[in-house]
Structures are given as structure tokens and as C-alpha cells.
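Student: One structure is given below, represented as C-alpha cells, and several questions about it will come after.
Quick note: the coordinates plus some simple rules give every number you see, no bench work behind them. From a predicted model like this one, the values you see are computed outputs, not experimental measurements. Here the Cβ positions follow ideal geometry from the backbone for every residue, glycine too, while neighbour counts run over all protein chains shown.
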Amino acid sequence: MDSLSGRVGVVTGGASGIGRALAEAFARAGARVVVADLDEAGMADVVGAIRSRGGEALAVRTDVTDLASVQALAERAFGAFGRVHVLCNNAGVALWGGLEAATHRDWQWVLGVNLWGVIHGLEAFLPRMLAQKEPAHIVNTASMAGLVATRGLGIYNTSKYAVVGLSETLAKDLKPYNIGVSVLCPMGVSTRIRASERTRPAHLKNDAPSRAEPVELMGRSLPPEAVAEMVLRAILGDELYVITHDEGLEPLRRRFERMEQAIRQRKP
């Protein structure tokens, strides 16, 4: 797509952080926006801000771990605007602690949001986006933790590595249909992801609270608005990877150098 003017964008996790910044950036670019989240007050604030500037926006309470809820989101989006051109599967949560201490509920919660939330978005929206036969774009929010593993982030790493692989394959699969794909891989961003437990459902809470301390990330902490502008450029430029921090280059280089070394050191 060469412009978002007159297009329709859907953003999950849109009530705050990167999601809010994406919704507002799309609205500034001329798109009509559907904001999806569990935080109804936050969504109302985002939609109100967009409308106050003359934009069109709709809030839809959505639980991305529930396929029926995401399907209802698609019904509302297509019912209100007739088309969806940009889908941002952005909702996410974070959890810290070694894998040796991970509980089944930890796995269910994080994968349910971070991975199944993306899958549900594709299941609910992609068939209709294909049927439109119009240029479109899908953005899946992963993380630098989906490209480089970090001690103490095992469940989060697992979910985000899966989103990266899914996105890379999706880009190949959708190329014939004129639907682009981007995978967002940020490092530190000024969001509330460290307070993810606030959204954890009661039935997935551990009997004993985790004592693990949040992992300190290397590099700068970017404002969400800067990340949203990078995503907007990636959509318009049909770029697969949105890697937000220069600080990520060296860990990525070391990772692939180790892979190269492993191949070269093989005995015949």
C-alpha cells in the first residue's frame, strides 16, 4: 500500500502502549481505526482522542485468547467499515522467571495471548481480507526476544520466536495475494508490559505469586510513538522486519556467527 488514507486498520492491545500509538498513527495517516482491548476505559480514551481530531474510530472489547471474541471483533470491524486493510495482532503480555520454575498456568497465559492471539487474528480476519482482493497488510508484534534468547524470559521467548517464524512464513504465503506482512521486534519501549499481571485471568493465576524479578533489557527505552512511526513506514514500504533498536545488531550478529561456526566446524 502506498497510503493509509481511506483505509481501515484494526489494532489489538490498542488501549495503551504500542497499540495506542499505532492506532493514533494510523488515524493521523487518514485511516479509520478499530481499537480492540480488554481495557474499556483505555479504549474509550484512545477513541475519544482520535475523534476529537476529526478521525473515525471504534472500540471493541476483545479477549484475543478467545477465538469467538476475535471473530466478534472481525464482525464489528467489517460491519462498521466494510473492509479491513491493516491488521495489527499486537496484544501481548510478559512473564519473568526461569523455565525450571514455570507452571502450566504460566504457559497457558502467555502463549494464549502472545501466540494464540496472533493465530486467532489470522483465523478471524484473513479469509475476509483475501476475499476483498485489495492491497492489505498484517503486522504481528513479536520482540527482540523472538530473535535472541534471554535467560529468565523462556516462556516469553518461546511465544515470540513462534510469532517471528509464523510471520516469516506468512509473508511467503501471502505474497501472491498482495498482502504484506511485518513482524515488529522491539527492545525496550515505554509501555505497561511490566505490569502484565494486571490482566492475568483469575483462573490462570498461580497459587503462589512468582518472586522472579523483571529482566533488565539492554539499550534505550523508546517512546511508543517512535515505534509506531517505524511500523507505519514498514507497512508503506512492505518491509518484513521492524527491528527498532540499533543495540540489537550485535546480539543478532553473534547468534548467526555461532550458527555459521557450527556448520563450518562439522566433521565430514
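Student: Would you calculate, for the chain, the mean residue ellipticity at 222 nm contributed by helices, counting each DSSP H stretch of 4 or more residues as -39,500 (n - 2.57) and dividing by all residues, to the nearest 500?
Tutor: The per-residue figure over the chain is -14500 deg cm²/dmol.
Student: Next question. Around residue 180, which amide H atoms from residues at least 5 apart in sequence, or from another chain, sit under 5 Å from its own amide H, with H modelled in the peptide plane?
Tutor: Those lying under 5 Å, H to H, from residue 180 are 136, 137, 138.
Student: Continuing with the same structure: Using θ = phi - 60° and the Karplus curve 6.51 cos²θ - 1.76 cosθ + 1.60, what whole-Hz ³J(HN,Hα) does each residue of region 163-169 get, with Gly and Pro shown as x?
Tutor: Running phi through 6.51 cos²θ - 1.76 cosθ + 1.60 with θ = phi - 60° gives 5, 5, x, 4, 5, 4, 6 Hz.
Student: Taking the Cα atoms only, what angle lies between the long axis of helix 249-264 and the longest principal axis of the chain, rounded to 10 degrees?
Tutor: It works out to around 50 degrees.
Student: Which ³J(HN,Hα) values, rounded to whole Hz and listed in residue order, are derived for region 140-155 from phi using the Karplus coefficients 6.51, -1.76 and 1.60 in 6.51 cos²θ - 1.76 cosθ + 1.60 with θ = phi - 60°, glycine and proline given as x?
Tutor: For region 140-155, the Karplus curve yields 10, 7, 10, 4, 4, 5, x, 10, 9, 6, 10, 4, x, 10, x, 5 Hz.
Student: OK, next. Enumerate the amide H contacts of residue 34 below 5 Å, restricted to partners 5 or more residues apart or on another chain; note that Pro and chain-start residues carry no placed amide H.
Tutor: Residues meeting the amide H criterion: 9, 10, 11, 58.
Student: Using a 10 Å cut-off around each Cβ, can you sort 125, 81, 256 from fewest to most neighbouring Cβ atoms?
Tutor: In increasing order of surrounding Cβ atoms, one gets 256, 81, 125.
Student: Angle, helix 116-132 long axis vs. longest principal axis of the chain, Cα atoms, 0 to 90°, nearest 10?
Tutor: Helix 116-132 sits roughly 40 degrees off the main axis of the chain.
Student: Still on this structure, please answer the following. Nearest 10 degrees, 0 to 90: what angle lies between the long axis of helix 40-52 and the longest principal axis of the chain (Cα atoms)?
Tutor: Between the helix axis and the principal axis of the chain, the angle is about 50 degrees.
Student: Evaluate the relative contact order of the chain (contact order divided by residue number), counting alpha-carbon pairs under 8 angstrom at least 6 apart; express in whole percent.
Tutor: In percent, rounded to a whole number, it is 19.
Student: Looking at the chain, identify the longest residue range that excludes and avoids all trypsin sites (Lys or Arg not before Pro) in DSSP loops having at most 15 other Cβ atoms within 10 Å.
Tutor: Answer from the scan: 1-52.
Student: Please list the three semi-axes, largest first and in whole Å, of the ellipsoid equivalent to the chain, using sqrt of 5 times the eigenvalues of its alpha carbon gyration tensor.
Tutor: So the equivalent ellipsoid measures 29, 23, 17 Å along its semi-axes.
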